[in-house]
Amino acid sequence: EKGGYDYFMLKEIAEQPKAVADTLLGRIDGSGRLTLDEVRIEQSALREIDKIVIVACGTAFHAGMIAKYAIEHWTRVPCEVELASEFRYRDPILDQRSLVVAISQSGETMDTLMALRHAREQGSKVLAICNTNGSTIPRESDAVLYTHAGPEVAVASTKAFLTQLVACYLVALYLGQVRGTKWGDEIYTVIRELSDISKQVDQVLETMEPVRELARSLKDKDTVLFLGRHVGYPVALEGALKLKELAYMHAEGFAAGELKHGPIALIEEDLPVVVVVPSPRGRSVLHDKIVSNIQEIRARGARTIVIAEEGDEAVVPYADHLIRIPATPTLLQPLVATVPLQVFACELATARGNEVDQPRNLAKSVTVE
Ligand code: F6R
């Protein structure tokens, strides 16, 4: 049932091109309009929304962090993202005009469930983004968008994450469509770009041998740091989370702009630092700033592992290891940039002799608070 792979995680990583395509399936009509029929919240109610709050845990929370960039950019509705476990006990400000989006692969995570129950008690509408049909979270929500990633068996989330992102982009576009902040052609353009992601993920998967080799060479390290900016920041957090849970290594993700506010003190000779570099085409200021961050940490001895778009030559002089990803629009980059980090963590875990599919102390769905 592992389809020839040693681990479910490897199988699920390999299934990602199909999974992201499946999330898009049947959600666009012939004229390129999004038809999210499952979102059974009145369009008039969606037009009234004045705030969006995303609640989730772990990897799903990282998907939510990325979604915030797309939602605010495309809909101009303020969006907060909060760990479900913090949200519930904070007395959050919610009312009928708040839309709460609960993201959960399993649909059974107790913290997320409690957060959405609390939101509904305040009169807010809840939209679930979920991978497991008929699970508790979608059953208790006003509407659900299923990710259609297929069953995810490995404890560490991979294909569910990518499909959660696609679902979040669809929700953001849909809200833009309903509210008129995003028009037909613009929506169609993003949909086309999303449709291309499947083969771009495939391309990334075909070039992973050097990443595996690099991972094996780092098996005796204690710490790996991850840096990113804009949507690359949650990608860095996700890369660090994967490494913690699978390789049992100390791993931390930082917003690259925060380096000089503390974390740069951690840099020492030969410390591996993974840097997710934004496209030099889109918001090029961000790109240039991160290139100087790479210079700064390298000057202090870091061993730089740079994930950058094909054709980005500015990073070459400062990259001890360069991992290329295909060019994508800025907001969609996490869909390709996360993949090498999954492979990296999986290979490091294997090299350290860890049980990849069943990391110690973890359960696939966390049904206690
Ligand atoms: C990490 C991981 C966990 C889950 C988290 C939420 O690889 O799998 O962090 O993402 O426990 O689970 P769901 O999405 O089922 O609510």
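The values are calculated or read from the model by the stated rules, or taken from the named source; none is laboratory data. Keep in mind that this is a model prediction, so the values were computed, not measured. Glycine gets a Cβ as well: all are built from the backbone with ideal geometry, and neighbour counts include every protein chain shown. In case anyone asks, the SASA skips ligands and DNA or RNA and just uses the protein heavy atoms, side chains included. Shrake-Rupley method; radii C 1.70, N 1.55, O 1.52, S 1.80 Å.
Where nothing but the Cβ of Lys and Arg (+1) and of Asp and Glu (-1) is charged, how large is the charge dipole of the chain around its Cα centre, in debye to the nearest 20?
Working: 40 positive and 51 negative charges, 88 e Å.
Value, rounded to 20: 420 debye.
Region 1-145: D in µm²/s via Stokes-Einstein (Kirkwood Rh, Cα pairs, 4 °C, 1.567 mPa s)?
Numbers: Rh = 16.2 Å.
Here the translational diffusion coefficient equals 80 µm²/s.
Say we join alpha carbon atoms closer than 10 Å with springs in a Gaussian network model of the chain; which of ILE325, ILE41, ILE93 then has the biggest fluctuation?
Ranking ILE325, ILE41, ILE93 by mean-square fluctuation puts ILE93 first.
Where a ≥ b ≥ c are the square roots of the eigenvalues of the C-alpha gyration tensor, would you call region 137-205 rounded, which needs a/c under 1.5, or, failing that, prolate if a/b is larger than b/c, or oblate? Please list the in-between numbers first.
On the way: a/c = 3.56, a/b = 1.21, b/c = 2.95.
In terms of gyration-tensor shape, oblate.
Work out the P(r) tail for region 325-369: percent of alpha carbon pairs separated by more than 13 Å, whole number. List each step's numbers first, then the result.
Working: 661 of 990 pairs.
Roughly 67 percent, rounded to a whole number.
Considering all projection directions equally, how large on average is the shadow of the alpha-carbon convex hull of region 21-65, in square nanometres? Write out the running numbers ahead of the final one.
Values: hull surface 19.0 nm².
Answer in nm², one decimal: 4.8.
Taking the Cα centre of region 241-369 as origin, work out the dipole magnitude from +1 charges on Lys and Arg Cβ and -1 charges on Asp and Glu Cβ, in debye rounded to 20. Mind dumping the intermediate values first?
Details: 13 positive and 17 negative charges, 32 e Å.
Magnitude of the dipole: close to 160 debye.
How do the peptides 18-27, 67-76, 157-166 rank, highest first, by the average count of neighbouring beta carbon atoms within 10 Å per residue?
Details: 18-27: 19.0, 67-76: 20.6, 157-166: 28.6.
Packing proxy ranking, top to bottom: 157-166, 67-76, 18-27.
Considering only protein heavy atoms, what per residue accessible area in square angstrom results for the chain with a 1.4 angstrom probe? Write out the running numbers ahead of the final one.
On the way: 14860 Å² over 369 residues.
Ligands and nucleic acids excluded, the figure is 40 Å² per residue.
For LEU227, enumerate residues with amide H under 5 Å from its amide H, sequence gap 5+ or separate chain, H modeled in the peptide plane.
Under 5 Å from the amide H of LEU227 lie the amide H atoms of PHE254, VAL274, VAL275, VAL276, each far enough along the sequence or on another chain.
Less than 12 Å Cβ to Cβ from VAL101, Lys/Arg counted +1 and Asp/Glu -1: what total charge do the surrounding residues give?
Numbers: positive: LYS51, LYS68, LYS125; negative: GLU80, GLU82, ASP142.
Spelling it out: positives minus negatives among the neighbours equals 0.
Could you tell me what percent of the accessible area of the chain is made up of carbon and sulfur, with a 1.4 Å probe and every protein chain present?
On the way: 7170 of 14860 Å².
Within the chain, the accessible surface is 48 percent carbon and sulfur.
How are the Cα pair distances of the chain distributed, in percent, across 10 Å bins from 0?
In order of increasing distance, the bins hold 5, 25, 34, 25, 10, 1 percent.
Just subtract the alpha-carbon distance of ALA299 and LYS2 from 0.36 nm times their residue separation and send over the number in nm, one decimal.
Details: separation 297, 0.36 × 297 = 106.92 nm, distance 4.43 nm.
Length difference between fully extended and current span is 102.5 nm.
Between ASP288 and TYR248, what length in nm is gained on full extension when 0.36 nm per residue of separation is reduced by their alpha carbon distance? Working shown, then result.
Values: separation 40, 0.36 × 40 = 14.40 nm, distance 3.29 nm.
My answer for the length gained is 11.1 nm.
For LYS51, go through the lysines and keep the ones whose alpha-carbon is under 19 Å away, minus same-chain ones fewer than eight residues off.
Of all the lysines, those that pass the test against LYS51 - Cα under 19 Å, at least 8 places apart if same chain - are LYS68, LYS125, LYS182.
Count the lysine pairs in region 194-326 whose Cα atoms lie under 17 Å apart, taking only pairs 8 or more positions apart in sequence or on different chains. Kindly include the intermediate steps, with their values, before the conclusion.
Details: LYS219/LYS242; LYS219/LYS244; LYS221/LYS242; LYS221/LYS244; LYS260/LYS289.
Lysine pairs, 8 or more places apart or on different chains, close enough: 5.
Which one of MET249, LEU271, ILE290 is farthest out on the positive end of the charge dipole of region 249-293, using unit charges on Cβ (Lys, Arg +1; Asp, Glu -1) and the Cα centre as origin?
About the Cα centre, the residue reaching furthest to the positive side is ILE290.
Using C-alpha positions alone, give me the convex hull volume of region 192-317 per residue in cubic angstrom. Could you put the intermediate results ahead of the total?
On the way: hull volume 14.9 nm³, N = 126.
Here the figure is 118 Å³ per residue.
Assuming R0 = 25 Å, what is the FRET efficiency of THR189 and GLU48, from their Cβ-Cβ distance, to the nearest 0.05?
Taking R0 as 25 Å, the efficiency between THR189 and GLU48 is 0.35.
What's the ranking of 47-54, 8-15, 259-266 by average number of surrounding C-beta atoms within 10 Å, highest first?
Details: 47-54: 18.1, 8-15: 22.2, 259-266: 13.4.
Order by mean packing, descending: 8-15, 47-54, 259-266.
Can you pull the semi-axes for region 259-369, root of five times each eigenvalue of the Cα gyration tensor, sorted largest first, whole Å?
Numbers: eigenvalues 155, 73, 42 Å².
Its equivalent ellipsoid spans semi-axes of 28, 19, 15 Å.
Put a dot 7 Å past each Cα toward the Cβ at SER365 and GLN122; how far apart are the dots in nm?
With each label point 7 Å from Cα toward Cβ, the separation is 2.6 nm.
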